[in-house]
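The values are calculated or read from the model by the stated rules, or taken from the named source; none is laboratory data. For clarity, every value in this text was computed on a predicted model and none was experimentally measured. Every residue, glycine among them, receives a Cβ derived from its backbone with ideal geometry; neighbour counts consider all protein chains shown.
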Amino acid sequence: MAAPDLDDARKRYHFALPPEDYQRLPFYAALLHELERDTLALELLASVRLEQRNPMLVLATLQLAALRGHSVLGPIYDTARHGHIEDPEGAALRVLDVVHETPELVRGELWRSTQTNEPGRSAILQVLIANLVADSIEEISVIEVGTSAGINLCFDQFPVRSRDDGNPLTLICEDLTPIDRSRKMPSIKSRVGIDPNPLDLSNEDDRLWLKACLWPEERRRHERLDAIVAVRASWPSVIELTGSALERLDDAFNLSDADTLTVVINTWVAFYFTPDEQRAYFNELTRRCRQNNVAWISIESTMVTWPGVNVDEEAHHRGASQIVVTNPGSSPTHWGWCHAHGRWLEQTTSS
Ligand SMILES: C[S@@+](CC[C@H](N)C(=O)[O-])C[C@H]1O[C@@H](n2cnc3c(N)ncnc32)[C@H](O)[C@@H]1O
């Protein structure tokens, strides 16, 4: 067996946070700094299968233990989520002590995958879907590829504002260009999600893992997830199909009403496909969109490039997500840009 690559693990911890986040997330910055200098922490990360060798996985296992009530970690993470850690370096050292006392706490959970479900993307989906659908269409079916816990299949349930109104469910989205938010949202006849590992908000382990994968100092994201869990039972139901996009797309279409427009969405998913999967997925979606009752909305990092759709690499868009829309009977077209968590939206084409 090859020796674990500790130098690679050190770099992964070192570059896990962009420098601009050090001030915003002082506890996570201090913790990553300690982990990067600790041989056991390096070994733990180096032992993870390559496709999940992400420091955020190690961090999430620690927060999971905290959420499960660990006597030392619980209070530290609770303060990070609800208040302010006075001494982030001291807190990071106490967490490292726990790793040394009980490495099993981390090691035993490294089989998992970092998995989030970002509701902020619903603010973007609301605009795109309302603008895509002709006034004459009253009802649509939605298929979400890479649905995670299915939160964005309920995109129409969130209030969207340009400013915080104190409601944890409110999505705050700033329009950088004039955006028509006046169009009526069609009603949603069916909501079908596909994911190799669908998460269920009513399952405690899934719920804790979704929370563990959020950064503890991002208090608003925690409050929003808690609020979604509290209201989820009153929202429309969704069907979740287990499997990969290409395996389950036919099944998803079979569950959708062939007489309504079906809108397929993927947000931050194709990034995880192999190049062959990306190509096959693109071909499949563009083939289906040649029909007049299928449309496709793709919101992905600029690391995902779709054939024939140019990625504008302007410096100020670095880190933005690219929105590509395919209207029924049309080809994929670059629509604009948005923040990866839906905090802003910019349309670069006229609708
Ligand atoms: C970063 S999460 C994004 C989840 C959700 N779309 C969102 O925007 O919050 C990526 C999701 O894609 C799923 N995924 C990974 N590979 C996939 C595949 N081949 N087909 C469908 N979903 C996949 C993962 O399980 C995970 O739930």
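With respect to the conditions (1) charged (D, E, K, R); (2) surrounded by fewer than 17 Cβ atoms within 10 Å (Cβ to Cβ); (3) touching a residue at least 24 places away in the same chain (Cβ under 8 Å); (4) in a helix (DSSP H, G or I), Asp205 falls short on a single one, namely (3). Hey, can you tell me all the residues within segment 212-258 that are part of a loop (DSSP other than H, G, I, E, B), touching a residue at least 60 places away in the same chain (Cβ under 8 Å) and away from the ligand (no atom under 15 Å from the Cβ)? Those that are part of a loop (DSSP other than H, G, I, E, B), touching a residue at least 60 places away in the same chain (Cβ under 8 Å) and away from the ligand (no atom under 15 Å from the Cβ): Pro216, Glu217, Trp235, Pro236, Ser256, Asp257. All conditions but one from (1) modelled with pLDDT of 95 or more; (2) more than 18 Å from Glu118 (Cα to Cα); (3) buried (at least 21 other Cβ atoms within 10 Å of the Cβ); (4) within 14 Å of the ligand (Cβ to nearest atom) apply to Ala280; the one that does not is (3). Scanning for something within 16 Å of the ligand (Cβ to nearest atom), within 28 Å of Cys289 (Cβ to Cβ) and more than 17 Å from the chain's Cα centre (by Cα), does segment 132-155 turn up at least one residue? Within segment 132-155, one or more residues are within 16 Å of the ligand (Cβ to nearest atom), within 28 Å of Cys289 (Cβ to Cβ) and more than 17 Å from the chain's Cα centre (by Cα). Residues that are more than 16 Å from the ligand (Cβ to nearest atom), surrounded by fewer than 20 Cβ atoms within 10 Å (Cβ to Cβ) and in a helix (DSSP H, G or I) are absent from segment 159-166 altogether.
Taking each residue of segment 142-166 that is in the same structural domain as Gln278 (by TED's automatic domain parsing) and aliphatic (A, V, I, L, M) and looking for partners that are within 9 Å of the ligand (Cβ to nearest atom) and not in a strand (DSSP E or B) with beta-carbon atoms closer than 7 Å, six or more apart or interchain, yields Val145/Ala245; Val145/Val269; Ala149/Asn117; Ala149/Leu199; Ile151/Asn117; Ile151/Pro119; Leu153/Thr147.
Taken over segment 131-158, the residue count meeting the criterion of being part of a loop (DSSP other than H, G, I, E, B) and at negative phi is 9.
The residue that is farthest from the ligand (Cβ to nearest atom), among those in segment 181-207 that are of a type in the set (Asp, Glu) and touching a strand residue (DSSP E or B) at 6+ places or on another chain (Cβ under 9 Å), is Asp200. Restricting Glu109, Glu118 to those that are within 16 Å of the ligand (Cβ to nearest atom), within 25 Å of the chain's Cα centre (by Cα) and among the acidic types (Asp, Glu) reduces the list to Glu118. Of all residue pairs spaced 6 or more apart or on separate chains, those with beta-carbon atoms under 7 Å, a first member in segment 102-130 that is in contact (Cβ under 8 Å) with a residue 40 or more places away in the chain and on the phi < 0 side of the Ramachandran plot and a second member that is more than 10 Å from the ligand (Cβ to nearest atom) and of a type in the set (Gly, Ala, Ser) are Leu105/Ala65; Leu110/Ser47; Thr114/Ala60. Is it fair to say Asn292 is surrounded by fewer than 19 Cβ atoms within 10 Å (Cβ to Cβ) and part of a helix (DSSP H, G or I)? In short, no.
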